[in-house]
Amino acid sequence: MSNPAAPSTPSDTGSRRFYHGTRADLKPGDLLQPGYSSNYTERRSPWIYFSETLHAATWGAELAKGEGPGRIYVVEPTGSFMDDPNLTDRKYPGNPTKSYRSREALRVVDEHLDWQGPSPEEIQAMKDFIADKEPIDD
């Protein structure tokens, strides 16, 4: 996406593959809705976040609050979405992480099982790094 503020729509996605990392146990067809506590804070977010990279989804799965193992799902957006300003504006201009957010649901297509998370030390370092960060939720 050349303009991070310009929304994309499901018809723009073509053959792109999107991922969402979480601890929730979901099935194909389930909808991931915005408006719940995010993976990282107790605040409710009006957004649902996802990525085109397995690497970014791995962090979502590993950092997610809750019990049970981290899981990564292949998802499809059901509505418009935009670049995630928490990464594109703050850390990585141009969105090389291919991270997005939407105010509309994501549909679970399948669980992606072939992934490996970072080491426990890397996970703790990331938790320490994001501990005082507030997401951009406007």
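The values are calculated or read from the model by the stated rules, or taken from the named source; none is laboratory data. All of these numbers come straight from a predicted model, not from anything done at the bench. Here Cβ is always computed from backbone atoms with ideal geometry, including for glycine, and neighbour counts include all displayed protein chains.
Quick notes
- Residues in segment 64-76 include at least one that is touching a helix residue (DSSP H, G or I) at 6+ places or on another chain (Cβ under 8 Å) and in contact (Cβ under 8 Å) with a residue 60 or more places away in the chain.
- Only a single item in (1) of a type outside the set (A, V, I, L, M); (2) surrounded by 15 or more Cβ atoms within 10 Å (Cβ to Cβ); (3) in contact (Cβ under 8 Å) with a residue 40 or more places away in the chain is not met by D84, and it is number (3).
- Residue within segment 40-47 that is surrounded by fewer than 15 Cβ atoms within 10 Å (Cβ to Cβ), modelled with pLDDT of 95 or more and more than 23 Å from P96 (Cα to Cα) present: no
Yes/no per residue for (1) of a type outside the set (A, V, I, L, M); (2) modelled with pLDDT under 70:
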site: P10; (1), (2): yes, yes
site: T22; (1), (2): yes, no
site: G29; (1), (2): yes, no
site: L32; (1), (2): no, no
